[in-house]
Structures are given as structure tokens and as C-alpha cells.
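Just so it is clear, none of the values below were taken in a lab; they were calculated from the coordinates. Note that the coordinates shown come from a computational prediction; the quantities given were computed from them, not determined experimentally. Virtual Cβ from ideal backbone geometry, glycine too; neighbours counted across all protein chains shown.
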Amino acid sequence: MTTLFARIIRGELPSDMVYQDELVTAFRDINPAAPVHILIVPNKVIPTIDDLTDEDQLLAGRMMLVAKKLARMEGIAEDGYRLIINCKKHGGQEIYHLHMHLIGGRPLGPMILRW
Ligand code: 5GP
């Protein structure tokens with residue numbers, strides 16, 4: 001299976017890549033919601049967080065630790081930031097290759113719109 005993000009990770013499509021290791025890749029979102037908006041993506045295709053298995057523990061932890069590291073590198077750790085993983089239709093997921101959004105650089109307001 002391949003995805004848009006898999007093609008970015010393999011370097012077949014251009015991106016503003018900020019981090020890569022043997023498990024995850026991070027690149028800037030093409031349509032940023034804030035001054036810092038980075039996507040942290042597993043190198044292997046996992047469609048949604050609902051598809052994670054116990055074997056993915058190291059990968060899941062790595063995504064969090066890379067987010068923390070990048071937040072410091074981007075200078076947003078002190079004021080704070082938000083990590084978001086959208087899952088499937090109700091979560092508003094557009095790209096079915098698991099990814100974590102790291103968003104910051106301005107006050108982000110309430111987490112979701114109340115209904
Ligand atoms: P989702 O809604 O699936 O959680 O988030 C998908 C994100 O991928 C969106 O924020 C969107 O702007 C971003 N995105 C979509 N296509 C591309 C692309 O080709 N390159 C990059 N860097 N980001 C993309």
C-alpha cells in the first residue's frame with residue numbers, strides 16, 4: 001500500500017522535511033493552521049490510530065518524543081502547543097496514513113467547537 005505521505009517519506013514528492021529516523025518522518029503541513037504546524041508520520045503505512053497494534057509500542061512512543069523534541073527545536077515548548085491525531089470520518093481525518101499534528105506558535109483557543 002502506498003499513500004501521499006509514503007511518497008513524501010521516500011522523497012518521491014517534495015516536502016519541507018524537518019526530521020527523519022528509522023521509524024518516523026516529520027515535515028511541515030502544506031496548509032499550516034498556525035506558525036508551527038508539523039506532521040509526524042510513521043515511515044510504514046498504518047492507516048489510522050485504530051490500526052495500531054501492540055507491536056507498534058516503540059513507534060507510538062517515538063512519535064510523542066519526536067513531537068516534544070521538535071517543539072523545543074521550533075521554540076514553542078515554553079509557551080506550549082497542541083498535538084492532534086484525527087481518526088477516521090468523525091475525527092476529520094483526510095489522509096489515511098497515521099500522523100500526529102504538532103501545532104503552536106500562537107494561542108490555539110478551545111480544543112473543539114462545542115455543539
Ligand atoms: P488530517 O485531516 O488527515 O488529520 O490531516 C491531513 C493534513 O495533511 C492536513 O493538515 C493537510 O494540510 C496536510 N496535507 C495534505 N496534503 C499534503 C501534502 O501534499 N504535503 C504536506 N506537507 N501536507 C499535506
(request) Set Lys and Arg Cβ to +1 and Asp and Glu Cβ to -1, take the dipole of the chain about its Cα centre, and tell me which of Val45, Ala34, Tyr96 lies farthest positive. (result) Ala34
(message) With +1 on the Cβ of every Lys and Arg and -1 on the Cβ of every Asp and Glu, and nothing else charged, how large is the dipole of the chain about its Cα centre, in debye rounded to the nearest 20?
(response) 320
(request) Quickly estimate the mean residue ellipticity at 222 nm for the chain, helices only: each DSSP H run with n ≥ 4 gives -39500 (n - 2.57), and the total goes over all residues, rounded to 500. (result) -6500 deg cm²/dmol
(request) Please say if region 4-104 is rounded, prolate or oblate, where rounded means a/c under 1.5 for a ≥ b ≥ c the square roots of the C-alpha gyration tensor eigenvalues, and otherwise the choice is prolate for a/b larger than b/c and oblate otherwise? (result) rounded
(request) Determine which aspartates and glutamates satisfy two conditions relative to Lys88: a Cα distance under 18 Å, and not lying fewer than 8 residues away in the same chain. (result) Asp50, Asp51
